[in-house]
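First the structure, in the form of structure tokens, and then the observations on it.
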Amino acid sequence: MKAETTPSPTRKATQTFLAFVIIFLVYAVAVRVTEIDLEKLRSENRQTQLIGVLRLLADPDLTNPDLIDPLFEPQTEAFSLTETTVNTINLIVETIFMALLATTIGTLLAIPASFLAARNLMLEVTAPLASFMLALTLLPVGGGLGLLGARLMSNLAANFGQQAGLGIVILVVAGAGIWLLLRFGPPIVSEQKRSSGTAALVIGKLVLIVLLGLFGLFVLAHLAEEAGTWLTQVLDAAAVPLGPFSLNFRFLGNFVVVVSDLLTLMLPAFVALLTALVAVTLGSRYGQEAILRMEGTAAKGLTAVLTFLGTFVVVYGIGAGLNWLYQFDNPANWTLWPALVLAGLATAGSLFVTPKRPFAIGAAIYTIARGIFNILRSIEPLIMAIVFVVWVGLGPFAGVMALTLHTIAALGKLFSEQIEGISEGPIEAILSTGASRLQMVVFGVIPQIIPPYIAYTLYRWDINVRMSTIIGFVGGGGIGFLLSQSIRLLRYREASVMMLAIAIVVSALDYVSARVRTRII
């Protein structure tokens, strides 16, 4: 065995000296780049200005001063809030609820996405090439059919929703139909193996239940919109003035309208996504079963055909997206021809692949999901707010959308890392009983991640409250817009009120979230 040679003292000294030189140069460049000038700290004019600003910030414009001399006219009111204080209270409440909505929606969307970005769950997912390509081929087919069916149901439900009585009858009939389907016939979930006829009957029964449920939701959304509009008008007429504020419950009717409108807007997308996932699942399952039953040339031929179709769909979809964004002069040069060429090359390459060889499909999905999270997290919410302000206009709605998008990316990464750190013991025990992957996730993964998921969600709400103040600088709603306006106009007493409100809210949320996390974890 070769003896290890220890570096000489001279060499150690040289390395240490070079390290110090490099560190010195790095900090020298940092000082030069950041333009640090300590002479400005000694300037009397700047010190005077600083003292003036600090004194204004220390005297927030909370209440109106006593302008009436008590010797001539007795004061009837001890004090009154300034307009700045009233506006600050209104906007800090708006900021809190902006963060609440963004955190809630972002969390709901980040939870399913986090499972796709969990390495320990996705790396085990494998499938033959034919199975994966058939799933890609059926993806746009399922999504397109689902979107078309959802639009037809929405148009039909809109006609029923305009007539309250008929709409309620439709809801009752749909609910009764679902109850009868669940009550009679073969159960949807069974521990015994079913015959092919019974399985087909159960699938048909499940499809009818889903269709009735979706149509009932469309009708309910249109009925709720009409009811919310009526409720808003009634509550608006019953408003009660209360000092500088107004006690008005019209927001309840507005909430019903917004929820129903959101349901109407999101249901077609949800149906399209659902049918696309069903198509992908069926394509992957039947593609794998077909390729495992074939041998030799037949298996290679099926793999080649499905590879051509799957590659064509993916490349054509990417080209169509680029064409929509950049509006090319010759769209076929970016959609049809690249899809045909790359599909042909992929087909030729598939002939040299063993048809039954399992590919790490989960690793590809994991990489794509992580890449999307990293891209979204690298874009500051301030930039997102600028884009959404252009889309939906100035106001808190743009801020909620920007915070929601950033919350999905941030929580998706945190949630996925939490899944990767779970204990493998319960998972191995569940899999040893012959459970499916879905049962493994439900009974082995979810119980371990609920407490940290709640803790991360509360912490994200705290972060979103602070981010809301910055988003307001670009018109994203909340208290930030008023704060930036006061600072630009050198109204430091007004700005002090807003900074005080932000500090109180952040401290209170931090205390509450810390107590909740302590009780959960």
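List the residue pairs whose Cβ atoms are under 8 Å apart, where the first residue sits in the stretch 351-379 and is touching a residue at least 40 places away in the same chain (Cβ under 8 Å), the second is part of a helix (DSSP H, G or I) and surrounded by fewer than 17 Cβ atoms within 10 Å (Cβ to Cβ), and the two are 6 or more positions apart or on different chains.
Lys356/Leu292; Tyr366/Arg119
Quick one: in the stretch 82-118, which of the residues that are over 30 Å from Ser484 (Cα atoms) and of a type in the set (A, V, I, L, M) is surrounded by the fewest Cβ atoms within 10 Å (Cβ to Cβ)? Quick ask: steps written out before the conclusion?
The first filter runs over the stretch 82-118 and keeps only residues over 30 Å from Ser484 (Cα atoms), leaving 108-118.
Imposing the further condition that a residue be of a type in the set (A, V, I, L, M) reduces the set to 108-111, 113, 116-118.
Working: Leu108: 12, Leu109: 16, Ala110: 27, Ile111: 17, Ala113: 18, Leu116: 18, Ala117: 26, Ala118: 24.
Restricting to residues being over 30 Å from Ser484 (Cα atoms) and of a type in the set (A, V, I, L, M), the top hit is Leu108.
Within the bounds of the stretch 142-159, is there any residue that is crowded, with 23+ Cβ neighbours inside 10 Å, in contact with an Asp or Glu (Cβ under 8 Å, 6 or more places away or on another chain), of a type outside the set (Asp, Glu) and more than 23 Å from Gly344 (Cβ to Cβ)?
no
Please determine whether any residue of the stretch 91-109 is aliphatic (A, V, I, L, M) and more than 30 Å from Leu500 (Cβ to Cβ). Give the derivation first.
Initial filter on the stretch 91-109 (aliphatic (A, V, I, L, M)): 91-93, 96, 98-102, 105, 108-109.
Applying the additional criterion that residues be more than 30 Å from Leu500 (Cβ to Cβ) yields 108-109.
Yes, the stretch 91-109 contains at least one residue that is aliphatic (A, V, I, L, M) and more than 30 Å from Leu500 (Cβ to Cβ).
Any idea which of Phe245, Phe270 is more than 30 Å from Thr354 (Cα to Cα), out of contact with any helix residue (DSSP H, G or I) (no Cβ under 7 Å at 6 or more places or on another chain) and either hydroxyl-bearing (Ser, Thr, Tyr) or modelled with pLDDT of 80 or more (or both)? If you could, list the steps in order and put the result at the bottom.
Working: Phe245 fails: either hydroxyl-bearing (Ser, Thr, Tyr) or modelled with pLDDT of 80 or more (or both).
Phe270 is the lone residue from the list that is more than 30 Å from Thr354 (Cα to Cα), out of contact with any helix residue (DSSP H, G or I) (no Cβ under 7 Å at 6 or more places or on another chain) and either hydroxyl-bearing (Ser, Thr, Tyr) or modelled with pLDDT of 80 or more (or both).
May I ask you to say which residue of Leu121, Leu136 is crowded, with 16+ Cβ neighbours inside 10 Å, modelled with pLDDT under 90 and within 30 Å of Leu376 (Cβ to Cβ)? It would help to see each step written out before you state the result.
Details: Leu136 fails: modelled with pLDDT under 90.
Result: Leu121 is the single residue among Leu121, Leu136 that is crowded, with 16+ Cβ neighbours inside 10 Å, modelled with pLDDT under 90 and within 30 Å of Leu376 (Cβ to Cβ).
If we scan the stretch 154-170, do we find a residue that is modelled with pLDDT of 90 or more, among the hydrophobic types (A, V, I, L, M, F, W, C), touching a Leu at 6+ places or on another chain (Cβ under 7 Å) and within 18 Å of Thr264 (Cα to Cα)?
No - not one qualifying residue is present in the stretch 154-170.
Which residues, taken from the stretch 384-441, are hydroxyl-bearing (Ser, Thr, Tyr) and either outside any helix (DSSP H, G or I) or at pLDDT 90 or above (or both)?
Residues of the stretch 384-441 that are hydroxyl-bearing (Ser, Thr, Tyr), as a first pass: 404, 407, 416, 423, 432-433, 436.
If the condition is that a residue be hydroxyl-bearing (Ser, Thr, Tyr) and either outside any helix (DSSP H, G or I) or at pLDDT 90 or above (or both), then Thr404, Thr407, Ser416, Ser423, Thr433, Ser436 are the ones that fit.
Check the stretch 453-465 and report whether any residue there is loosely packed, with under 14 Cβ neighbours inside 10 Å, under 30 Å from Thr281 (Cβ atoms) and touching a helix residue (DSSP H, G or I) at 6+ places or on another chain (Cβ under 7 Å). Write out each step before concluding.
Of the stretch 453-465, the ones loosely packed, with under 14 Cβ neighbours inside 10 Å are none.
Checking the stretch 453-465: not a single residue is loosely packed, with under 14 Cβ neighbours inside 10 Å, under 30 Å from Thr281 (Cβ atoms) and touching a helix residue (DSSP H, G or I) at 6+ places or on another chain (Cβ under 7 Å).
The values are calculated or read from the model by the stated rules, or taken from the named source; none is laboratory data. These numbers were taken from a predicted model, which means no experiment stands behind them. When we count neighbours, we look across all protein chains shown, and the Cβ atoms used for this are built from the backbone with ideal geometry, even at glycine.
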